[in-house]
Amino acid sequence: MEIISVINYKGGVGKTTVTSNLAAELAYRGKNVLVLDMDAQASLTFSFITPDFWDAYIKENKTIKSWFDCISQGNQTMPLSDLRIRPEVVNNYLSKHGKGCLDIISSHLGLINVDLELATLLGGASPQQTQKKHLKVHGKLREELLALGEQMNYDIVLIDCPPNFNIVTKNALIASDKILIPAKPDYLSTLGIDYLQKSVNSLVSDYNWYASKDDEYDEVNPEIMGVVFTMIQITSRKPIAAQQQYISQTRRLKVPVFDVHFRENKTIFADAPRNGMPVVLNYYSNVTHSDIVDEISDFVDEFESNLE
């Protein structure tokens with residue numbers, strides 16, 4: 001099983017679009033996929049589940065916030081399998097075509113406050129207590145995801161991270177084998193990529209230092225899988241010149257960059273979440289829209305080859 005965090009410090013870069021379409025295409029290719037929404041905006045959640053269903057059946061005790069609440073309150077966490085939902089619309093389509101499955105663990109607006117509650121747990125009266133608390137607060141999600149993956153036979157876990165570097169995000173990164181960075185090719189969206197690399201390296205170094213002194217925890221090594229550029233404006237079958245500049249600039253950071261892009265099309269990408277069916281699983285008679293589906297499929301080809 002591979003665990004991949006999807007993250008960018010900048011919001012509004014198409015992170016949820018990338019995650020939902022990647023998950024759906026992998027499931028269509030026969031994979032058992034879990035998506036974990038850890039962004040308090042819950043955009044990924046509402047790409048597969050209606051707000052009414054979430055409000056009636058999930059909000060109170062079946063989101064990832066409920067799990068983090070147990071940690072901050074010093075209680076035993078429930079198994080992550082208790083939080084797992086199998087969205088009806090997309091899975092009806094997948095089962096009809098004899099494919100894999102797509103499950104989701106939903107988010108909650110209250111995740112915004114969880115970080116402050118978790119931070120109070122990190123203080124310790126002695127270095128040994130500090131070490132134990134650091135490992136428990138930052139490493140619990142990895143332990144639980146590995147157990148869930150074995151229980152449910154998942155092939156891929158995709159974690160949609162919030163656009164920050166708080167304790168919730170650190171849990172996701174520590175849990176991950178690889179990190180995928182969606183970015184718009186503009187100044188603000190690419191500005192934080194180098195800083196993100198440095199932050200991840202520092203997080204891993206600190207965590208592994210503590211883990212090396214405790215036999216209960218393994219060291220981790222999440223690798224940056226690459227940057228996938230989104231919201232591309234195409235002219236003559238290439239990104240416009242202004243965007244090519246930022247793509248080239250990112251390559252000079254020595255960070256891997258995917259060759260395939262997500263082009264901008266507000267019409268189909270904005271409508272897809274309302275129907276609970278990601279763009280990549282839809283059929284479009286419009287040639288431009290059909291080309292977008294083909295490009296997403298090409299991106300997943302490249303994604304899978306990078307996993308090997």
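The values are calculated or read from the model by the stated rules, or taken from the named source; none is laboratory data. Since the structure is predicted, the reported quantities are computational estimates derived from the model, not experimental observations. Cβ placement follows ideal geometry from the backbone for every residue including glycine, while neighbour counts extend to all protein chains displayed.
Please specify each residue of the stretch 18-61 satisfying the condition of being of a type in the set (V, I, T) and out of contact with any strand residue (DSSP E or B) (no Cβ under 8 Å at 6 or more places or on another chain).
Listed by number, the list holds a single entry, T50.
What residue, of L203, L180, L188, is at pLDDT below 90, of a type in the set (A, V, I, L, M, F, W, C) and out of contact with any Ser or Thr (no Cβ under 6 Å at 6 or more places or on another chain)?
Selected residue: L188, the only one of L203, L180, L188 that is at pLDDT below 90, of a type in the set (A, V, I, L, M, F, W, C) and out of contact with any Ser or Thr (no Cβ under 6 Å at 6 or more places or on another chain).
Run down D37, D55, D82 and say which single residue is of a type in the set (D, E, K, R) and surrounded by 24 or more Cβ atoms within 10 Å (Cβ to Cβ).
D37
Among all residue pairs at least 6 apart or on different chains, which show Cβ distances below 8 Å where the first residue, located in the stretch 190-204, is farther than 11 Å from V255 by Cβ and the second is loosely packed, with under 14 Cβ neighbours inside 10 Å and modelled with pLDDT of 85 or more?
The qualifying pairs are V204/N221.
Please enumerate the residues belonging to the stretch 118-163 that are touching a Gly at 6+ places or on another chain (Cβ under 6 Å) and either surrounded by 22 or more Cβ atoms within 10 Å (Cβ to Cβ) or in a helix (DSSP H, G or I) (or both).
Hits for the stretch 118-163 are T130, K133.
Of the numbered conditions (1) on the phi < 0 side of the Ramachandran plot; (2) surrounded by 21 or more Cβ atoms within 10 Å (Cβ to Cβ); (3) touching an Asp or Glu at 6+ places or on another chain (Cβ under 9 Å), G11 fails exactly one; give the number of that condition.
Checking G11 against (1) on the phi < 0 side of the Ramachandran plot; (2) surrounded by 21 or more Cβ atoms within 10 Å (Cβ to Cβ); (3) touching an Asp or Glu at 6+ places or on another chain (Cβ under 9 Å), the one that fails is (2).
If you scan the stretch 74-118, which residues turn out to be without any contact (Cβ under 8 Å) to a residue 60 or more places away in the chain, farther than 15 Å from V33 by Cβ and either touching a strand residue (DSSP E or B) at 6+ places or on another chain (Cβ under 8 Å) or among the polar types (S, T, N, Q) (or both)?
N75, Q76, L83, N92, N113
Against the conditions (1) at pLDDT 85 or above; (2) touching a strand residue (DSSP E or B) at 6+ places or on another chain (Cβ under 9 Å), where does K198 fall short? Just the number, please.
So K198 meets the others, but not (2).
Give, as residue ranges, the helices (runs of 4 or more DSSP H) completely inside the stretch 1-76 that count at least 2 residues that are over 22 Å from H138 (Cβ atoms) and either of a type outside the set (D, E, K, R) or modelled with pLDDT of 95 or more (or both).
Because the criterion is at least 2 residues that are over 22 Å from H138 (Cβ atoms) and either of a type outside the set (D, E, K, R) or modelled with pLDDT of 95 or more (or both), the helices (runs of 4 or more DSSP H) in the stretch 1-76 that meet it are 15-28, 45-48.
What residue, among those in the stretch 168-194 that are more than 15 Å from the chain's Cα centre (by Cα) and not in a loop (DSSP other than H, G, I, E, B), is surrounded by the most Cβ atoms within 10 Å (Cβ to Cβ)?
Looking at residues that are more than 15 Å from the chain's Cα centre (by Cα) and not in a loop (DSSP other than H, G, I, E, B), I get S189.
Suppose we keep only residues that are of a type outside the set (S, T, N, Q) and buried (at least 18 other Cβ atoms within 10 Å of the Cβ) within the stretch 60-79. Which one would you say is farthest from V168 (Cα to Cα)?
Per the stated criteria, the residue is K62.
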